[in-house]
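Enquirer: Take a look at this one; I'll ask things after.
Computed from the coordinates by the stated procedures, all read-outs in this text should not be read as laboratory data. Predicted model, so just to flag it, every value in this text is computed and none were measured. Backbone-built Cβ (ideal geometry, glycine too); neighbour counts: all protein chains shown.
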Amino acid sequence: MIGLRPALLTAVVLAWLAMPVVALAAGATISSPFDTPVTNLKPGEWIWDDRIAPAGPMLVVVNLKTQRAYAYRNGARIGATTISSGKPGKTTPTGIFTILQKNKDHKSNLYNSAPMPYMQRLTWDGIAMHAGNLPGYPASHGCVRLPLEFSKKLFEISNMGMTVVVTDGKSGVPEPETIVENAMLAPVTPKGVSTNLTDDRLSSDEVSRWQPEKSPAGPVTIMLSTGSKRIIVYRNGIEIGRSRIGVADGFDIGTRAAQFAGRDAQGNARWVYLGLPGYEARKGQNVEKNAIDSVTIPPQFYGQLKGVVGEGTTLLATDGGLVSGSSGKGLTVLSSD
């Protein structure tokens with residue numbers, strides 16, 4: 001019995017020492033004051049108040065450079081948090097994704113059944129947002145780790161198909177301001193298998209393509225590029241249409257995000273800016289007329305697009321090209337035609 005005491009004591013001490021580490025790994029249990037500067041948050045700290053926008057479409061923006069994430073509902077920021085993204089060699093892919101799967105009690109299929117509480121999948125090959133350890137620097141295998149309580153709150157109000165923007169950020173800018181040039185989505189087939197869109201380019205004699213039957217229902221995301229002169233439409237993360245567009249000489253749309261805000265008396269869709277950091281001054285404003293007048297869409301495609309735009313539709317516009325890229329291993333997503 002005496003010989004067992006040192007081992008028992010060691011086990012007790014190790015267990016005791018582990019307790020504060022586990023608490024720290026889970027992050028803060030309550031929100032920091034809402035007016036706390038996001039850049040001042042320490043690892044594991046977060047901000048949340050969803051009373052600011054009780055209802056409406058959701059959007060999450062993740063900035064890998066600053067290790068921060070921001071949650072928006074109906075164009076208003078309702079939360080912000082510290083994160084831990086992919087470490088060197090396992091970096092988190094940048095781009096524009098939609099939530100493909102949600103699982104409160106998910107365990108990793110790749111890393112020894114490691115727990116991934118409140119998992120929200122971004123790609124079918126292992127990239128997701130979930131609760132996890134937050135050491136203050138990139139340390140995951142590619143996922144975006146969130147504080148436990150923050151991930152729980154986000155999980156409870158987010159929906160399948162919610163748009164998630166992951167950006168490298170802009171040098172010298174403390175908060176996310178632009179979407180990276182190789183902006184991309186993570187489309188999947190109805191059976192949940194990732195698709196390769198390299199062969200889906202418009203042929204030389206095609207002006208547009210419309211295949212709504214590929215995804216009959218779900219939230220719509222529209223990606224527009226003045227650089228590539230293309231517009232691509234996704235419903236529930238699956239491409240249902242693409243078209244060539246006309247762009248006025250010398251016009252660059254910049255990089256912006258907007259959400260559908262209903263229709264006017266003539267039935268035209270109204271779009272308002274999302275309150276992304278760097279665009280706070282434009283939050284809630286109508287997208288300006290010069291942007292609308294400088295981009296032309298083929299009438300037939302416009303009519304088809306108009307039929308699927310509704311509550312929850314997000315418009316993401318960039319003057320960058322829709323270049324080839326991947327949102328995970330071997331998954332080619334968008335390419336300029």
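Enquirer: Name the residue farthest towards the positive end of the dipole of region 27-167 from the options Pro33, Ile47, Met129, assuming +1 on Cβ of Lys and Arg, -1 on Cβ of Asp and Glu, about the Cα centre.
Expert: Of Pro33, Ile47, Met129, it is Met129.
Enquirer: Something else: What is the order of Phe150, Phe34, fewest Cβ neighbours within 10 Å to most?
Expert: Going from sparsest to densest Cβ surroundings: Phe34, Phe150.
Enquirer: Now a separate question. Skipping prolines and chain starts, which residues have an amide H placed within reach, meaning under 5 Å, of the one on Gly132, given they are 5 or more residues away or on another chain?
Expert: So Gly132 has HN proximity to Leu146, Leu148.
Enquirer: Please arrange Val308, Val233, Val38 by counting, for each residue, the other beta carbons lying within 10 Å of its beta carbon, fewest first. Each step should come with its number before you reach the end.
Expert: Details: Val308 18, Val233 26, Val38 21.
So the residues, fewest neighbours to most, are Val308, Val38, Val233.
Enquirer: Listed here are the pairs Lys153/Lys214; Lys90/Lys214; Lys42/Lys90; which of them are more than 27 Å apart at the Cα?
Expert: Listed pairs above 27 Å: Lys153/Lys214; Lys90/Lys214.
Enquirer: Still on this structure: Most exposed first by the Cβ proxy, i.e. fewest other Cβ within 10 Å, how do Leu224, Leu100 rank?
Expert: The order, fewest Cβ neighbours first, is Leu100, Leu224.
Enquirer: May I pose another question? Debye sum, Cα scatterers, region 27-167, no solvent: what log₁₀ I/I(0) at q = 0.17 1/Å?
Expert: After summing over all Cα pairs, the log10 values are -0.85.
Enquirer: Still on this structure, I have one more. Looking at region 202-233, which trypsin sites (Lys or Arg not before Pro) are DSSP coil and have at most 10 other C-beta atoms within 10 Å of their C-beta? Show your work: numbers first, answer last.
Expert: Details: sites: Arg209, Lys214, Lys229, Arg230; in loops: Lys229.
Within region 202-233, no trypsin sites (Lys or Arg not before Pro) qualify (loop, at most 10 other Cβ atoms within 10 Å).
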